[in-house]
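What follows is a short report on a single structure.
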């Protein structure tokens with residue numbers, strides 16, 4: 001997915017000029033890495049003066065933080081909507097949030113990739129903010145898996161490690177997915193939902209046999 005398409009997928013209160021700067025910054029972060037791109041590079045590609053670039057964002061660090069916070073907040077909203085729309089069954093909820101996670105990482109691939117690869121480039125304060133948002137993402141999964149284990153819908157002695165594995169495999173989609181690849185995002189999302197359910201032992205009773 002191109003950077004411009006990714007950022008356009010979310011309504012924003014940012015002025016058009018700021019949105020254009022974010023799209024250019026995202027493209028350059030992908031091409032050159034955060035530390036390889038400068039405010040001068042961003043301004044030049046955006047077709048504005050360096051002073052105009054600073055008018056919208058005080059630094060490229062502010063652009064990186066904005067990109068990361070925005071995509072993570074949108075992920076949280078998608079997960080919560082998917083969970084709540086799936087009904088009370090933990091298996092249906094887990095499948096729904098896995099699908100939502102995978103779909104965002106394909107449709108907002110560039111932002112997701114930068115969010116995963118450039119966390120180390122954030123300032124300590126900004127990193128804490130993004131990590132706190134990511135903890136909320138993880139909590140959505142932890143709560144669903146815990147409820148499934150409590151109700152014995154899931155048979156999983158290593159719930160924390162399983163949640164970590166599910167999140168890792170879903171997040172990694174942003175690194176390898178190709179829009180011109182053989183599988184549509186919906187197909188990948190459905191398969192990952194099935195894999196997640198197998199990881200938590202969904203459908204296994206106390207005897208350990210799959211229903």
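Observations
- Per-residue [θ]222 nm for the chain (sum of -39500 (n - 2.57) over DSSP H runs n ≥ 4, rounded to 500): -23000 deg cm²/dmol
- q = 0.13, 0.18, 0.25, 0.26 Å⁻¹, the stretch 23-114: log10 I(q)/I(0) [Debye, one scatterer per Cα]: -0.54, -0.78, -1.16, -1.21
- Highest-first arrangement of 133-139, 122-128, where packing means the average Cβ count within 10 Å: 133-139, 122-128
- Using R0 = 41 Å, the C-beta based FRET efficiency linking residue 161 and residue 32 works out to 0.70.
- Overall shape: oblate for the stretch 64-199, with the ratio a/c of the largest to smallest alpha carbon gyration tensor axis at 1.5 or above and b/c at least equal to a/b.
- In the elastic network of the chain, a GNM with C-alpha springs shorter than 10 Å, the most mobile of 59, 155, 27 is 59.
- Our estimate of slack between residue 62 and residue 125, defined as 0.36 nm per intervening residue step minus the Cα-Cα distance, is 21.5 nm.
- Exposure proxy ranking for 113, 29, based on other Cβ atoms within 10 angstrom of each Cβ and starting from the fewest, stands as 113, 29.
FYI, it's all coordinate maths here, none of it is from the lab. Not measured: the values here are computed from a predicted model. Cβ: placed from backbone, ideal geometry, glycine included. Neighbour counts: every protein chain shown.
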